[in-house]
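Worksheet: the structure to be examined is printed underneath.
The values are calculated or read from the model by the stated rules, or taken from the named source; none is laboratory data. What you are looking at is a predicted structure, and each value in this text was computed from that prediction instead of being measured. All Cβ positions, even for glycine, are placed from backbone atoms using ideal geometry, and neighbour counts span all protein chains on display. Remember, those area values only see protein heavy atoms, side chains included, never the ligands or the DNA or RNA. Shrake-Rupley method; radii C 1.70, N 1.55, O 1.52, S 1.80 Å.
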Amino acid sequence: MSAATTRSRTPDRLCAEAVDLARAAAEEAAAPGVVGEHEGSVSEGDRVVTHFFGCRELGYRGWRWAVTVARASRAKIVTVDEVVLLPGPDAVLAPEWVPWSERLRPGDLGPGDLLPTEADDLRLEPGYTGADEPPPNSALRPSLTEDLADLAEEEDAEVTGGTPAEQTVTPSRGSIAAVAEELGMRRARVLSRYGLHAAADRWEEAFGPKTPMAQAAPASCMSCGFLAPIGGSLGQAFGVCANEFSPADGRVVSLAYGCGGHSEAAVMPKPPQPAPPVIDETRVDPFPLRPSPDSGSVPATEDASSAELGHS
């Protein structure tokens, strides 16, 4: 450890004792009555000390006024270097700034809002490439112009004079881009492979087979009559729900998704009925309150034989 480092850790005595000078500088920079008690000091280097004072400003809880004082070598006069309001260990700070593109969430876009799309957005790619370029066989590189002229002279062919830029441009009416523009199908950019996968993952998570609704559904959307197919490569795994009573009405759903509003839910096979009970508890067997005289084993009238046996 060098001697300069050792000296920088030890506060200069004159600078450390200049508390009143630092307080006066803080009160001059701040509003009246917002400079609190002295909260200590720290050495910033040789003959440089920063004094801290509490801040009583209502919106700056935990902040401190930092006043840095210094003195020249072999000088006895301490001067103020700077006064600044800094956050303390327990200060209330604003959250870290996040760009708007990262703060934006689905549903934040309202009427009249404009959402600019970056030129290098990974979700998009050019819709048509090479539409403004001349055909491949008409583009002559400068380095090949002389060689082609010699070849044409040997073959006794006719070559139109001038550079390729001066040649007659083939009309673009028959090009793919021109036909697409006439049909209203031309777009500057289309979804890239990354954009397709991102959209598929997002739709799969919202209305996919792993959701609780799909787990309890009688069947999947693939066999539902309310499913409206979509075109493109996404149509192989997704469709649009057109059931107004479904929680996914008007949403893009996975073909493996399902809900209780399935079109064939009413005609689905019913669960098997339990077997009829063995004991019929719906029938009543009548029992008379008084038995008939001839229902017992002993006759009601006494005779000589029964009297001897002691029957009453």
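Within the option set Arg64, Arg71, being charged (D, E, K, R), open to solvent by less than 80 Å² (accessible area, probe 1.4 Å), touching a residue at least 40 places away in the same chain (Cβ under 8 Å) and more than 30 Å from Arg202 (Cβ to Cβ) holds for one residue only, Arg71. Of the numbered criteria (1) farther than 17 Å from Pro11 by Cα; (2) open to solvent by 60 Å² or more (accessible area, probe 1.4 Å), the one Val83 fails is (2).
Looking at the range 207-220, which of the residues that are open to solvent by less than 60 Å² (accessible area, probe 1.4 Å) and small (Gly, Ala, Ser) is nearest to Phe238 (Cα to Cα)?
Going residue by residue through the range 207-220, those that are open to solvent by less than 60 Å² (accessible area, probe 1.4 Å) are 207-209, 211, 214, 217, 219-220.
Going one step further and asking which of them are small (Gly, Ala, Ser), we end up with 208, 214, 217, 219-220.
On the way: Gly208: 9, Ala214: 14, Ala217: 17, Ala219: 15, Ser220: 12 Å.
Top of the filtered list is Gly208.
Among the residues of the range 211-219, is any touching a residue at least 40 places away in the same chain (Cβ under 8 Å), of a type in the set (S, T, N, Q) and assigned to a loop (DSSP other than H, G, I, E, B)? Yes: one or more hits. Of all the listed residues (Val240, Val190, Val252), the sole one being in contact with a helix residue (DSSP H, G or I) (Cβ under 7 Å, 6 or more places away or on another chain), touching a residue at least 12 places away in the same chain (Cβ under 8 Å), open to solvent by less than 50 Å² (accessible area, probe 1.4 Å) and β-branched (Val, Ile, Thr) is Val252. For the range 57-86, the set of residues classified as at pLDDT 90 or above, among the charged types (D, E, K, R) and in a loop (DSSP other than H, G, I, E, B) consists of Arg71 only.
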